[in-house]
1. Which one of the conditions (1) part of a loop (DSSP other than H, G, I, E, B); (2) touching a Gly at 6+ places or on another chain (Cβ under 8 Å); (3) closer than 21 Å to residue 34 by Cα does residue 107 fail to meet, given that it meets all the rest?
2. Looking at 204, 167, which is the one that is outside any loop (DSSP other than H, G, I, E, B) and either in contact with a strand residue (DSSP E or B) (Cβ under 6 Å, 6 or more places away or on another chain) or in the same structural domain as residue 290 (by TED's automatic domain parsing) (or both)?
3. If the requirement is being outside any loop (DSSP other than H, G, I, E, B), among the small types (Gly, Ala, Ser), surrounded by fewer than 14 Cβ atoms within 10 Å (Cβ to Cβ) and out of contact with any Leu (no Cβ under 7 Å at 6 or more places or on another chain), which of these qualifies: 127, 176?
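The values are calculated or read from the model by the stated rules, or taken from the named source; none is laboratory data. Please read all numbers here as calculations on a predicted model, not as lab measurements. Glycine also receives a Cβ, built like all others from the backbone with ideal geometry; neighbour counts cover every protein chain displayed.
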Amino acid sequence: MKSIIYSIVKVLSFCFICLFSSCEWKPKAVGDSKSIVCTTTIIGDLVKQLVKDKYEVKVLMGAGVDPHMYEAKPSDVRALGNARVIVFNGLHLEGKMTDLFERMKDEKDIISFSNGMTESKLIKVNSHTHDPHVWFDPFLWLEGVKECANQLVKIFPKDKEFILKNYSKIEVDFISLNSELNSKIHEIPKEQRILITSHDAFHYFGKAFDVEVLAIQGISTVSEPGLKDVSNLVNLIVKRKVKAIFVESSVSSKSISAVIEGCKSKNQIVKIGGILYSDALGDEKSGADTYVGMMKKNVFTLVNALTKKQLVYNGKKQH
């Protein structure tokens, strides 16, 4: 009986969302509303730094949520309908919601972070698609933050000086962050600087910090990896004697476990080097609940696993 009720509720929710995103639907005008809705925690963190407490910032996808698989809930529909501004990543990261934002652009102020980025710096997946995980290159992501700040200034001109001042602070922090991360990563010998995860989220990171990046899945978690994908990665790990691979906070570790078992069958012991934050920030206890915190936590985890060092992050040893 419970399963029947659950199925009915799920169908009704889906119908409501479809109605919301239909061609005839027009979002309600919000006038002087100061509500800003962001799709991901990574975007939400930077928008909050730009506007501080002057505006209400709501994030649709919480800590540890995979944006590739996310489907809007009725509460999201209400938040989007009441928002003055909607901020999203672009590059089809929020795949199932992209068409919805396109339909709303005539009624809402909609900001795409990726619109401010130099196209030649984007990593092409194919002739029509770019890798959306742009935040892993701090300077490229900063271009997106700047675009967001400039668009917010146009929407809220009275707060121009305030917003741009906050952007300047973020810019200084990013320059310092990039320098610190580069220094830490280069403690790993070049031949050991291999980052292996569940899905292809870290190629911008690899390009920015000279790290070789490999994954079982592609840039999206929607498709399941095949046996050949797992087998090819197992053979590479055995051949190159890789000691550690990594799980992601927002992605199932099932495929990583299959790789570890495959390596074991070939008498190669490979360990899980730790949890990396890829498509979402962590919770408040993780030390990765801000963009800067997430980047630092990932790098400390990587360095500890690949060098056997015990670096200290936020006063705690990383294992």
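1. Result: residue 107 fails condition (2) only.
2. After applying the criteria, what remains is 204.
3. 176
Residues checked against (1) small (Gly, Ala, Ser); (2) at pLDDT below 90; (3) crowded, with 20+ Cβ neighbours inside 10 Å; (4) touching a strand residue (DSSP E or B) at 6+ places or on another chain (Cβ under 6 Å):
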{"residue": "59", "(1), (2), (3), (4)": "no, no, yes, yes"}
{"residue": "67", "(1), (2), (3), (4)": "no, yes, yes, no"}
{"residue": "73", "(1), (2), (3), (4)": "no, yes, no, no"}
{"residue": "90", "(1), (2), (3), (4)": "yes, no, yes, yes"}
{"residue": "97", "(1), (2), (3), (4)": "no, yes, yes, no"}
{"residue": "103", "(1), (2), (3), (4)": "no, yes, no, no"}
{"residue": "107", "(1), (2), (3), (4)": "no, yes, no, no"}
